[in-house]
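In what follows, a single structure is set out as structure tokens and then discussed.
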Amino acid sequence: MTAATKPDEDAADAGEAAMGAADEGEAAVGAADAGEAAVGAADEGGVSDLCFAARALAQSHAMTEAAHRYRQECVESERSRQRASELADWAGTALLVGYCLRRTEEQRVGTEPPAEAAPAGGEIDLVRVAALSEALRVGDADRVSLLPAQVTVAALDRIIATELDKRQEHLREQLDDEGWSELEDYIAWWVIHGYALRASECAAR
């Protein structure tokens, strides 16, 4: 019975080795998690910097003549068709900041064309803008973004959230959940449209 119940020394050694390997594996997993956290923190900082730079750029004359004219047309169109006229101004701001986010990406990667240059013919290719906007909305940002897609998407989300935060104090209590969801979609549409607008201009060169 003693021999039968005594643990096999080779087996025990193997077990200890396995335990050691497991401990090393856990340490490796912990290191990987820490690495991912560090990368996430770096990405977070990069997204914050992008959004800050885009908002700063929006305070200057950041748009081409064609894009500026198109933005004005959009604001006037929204003012005539929306019951709340302030929505037109919010749409114009959202479009501008989305546009400036794309220009900020261009500055980061060193591909920014002259801001005053207009697309071919001085007109906006609305078909191209719509196609790029749709790619962003369906999660195909790699087709459009200059930076890694996840960075662009995170920056767009951050800008959309900030635009909504600016309206929340005035509107959130006046809107039910469905109404607020519609406003979220509205602001998101214009931010993405602005980003795609600038991307379409660059594609036209």
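Since every read-out is calculated from the coordinates, none of them should be taken as a lab result. Given the structure is predicted, the values throughout are model-derived calculations rather than measurements. So basically every Cβ, Gly included, is an ideal-geometry build from the backbone, and we count neighbours across all protein chains shown.
Taken over segment 70-108, the criterion of being assigned to a helix (DSSP H, G or I) and small (Gly, Ala, Ser) is satisfied by Ser77, Ser80, Ala88, Ala91, Gly92, Ala94, Gly98. What is the one condition in (1) surrounded by 14 or more Cβ atoms within 10 Å (Cβ to Cβ); (2) under 11 Å from the mean Cα position of the chain (by Cα) that Leu175 does not satisfy? Going through the list (1) surrounded by 14 or more Cβ atoms within 10 Å (Cβ to Cβ); (2) under 11 Å from the mean Cα position of the chain (by Cα), Leu175 breaks only (2). Pairs meeting the criteria (first residue in segment 122-149 and free of Cβ contacts under 8 Å to residues at least 60 places away in the same chain, second residue outside any helix (DSSP H, G or I) and exposed (fewer than 13 other Cβ atoms within 10 Å of the Cβ), beta carbons under 8 Å, at least 6 apart or on different chains) are Leu146/Thr111.
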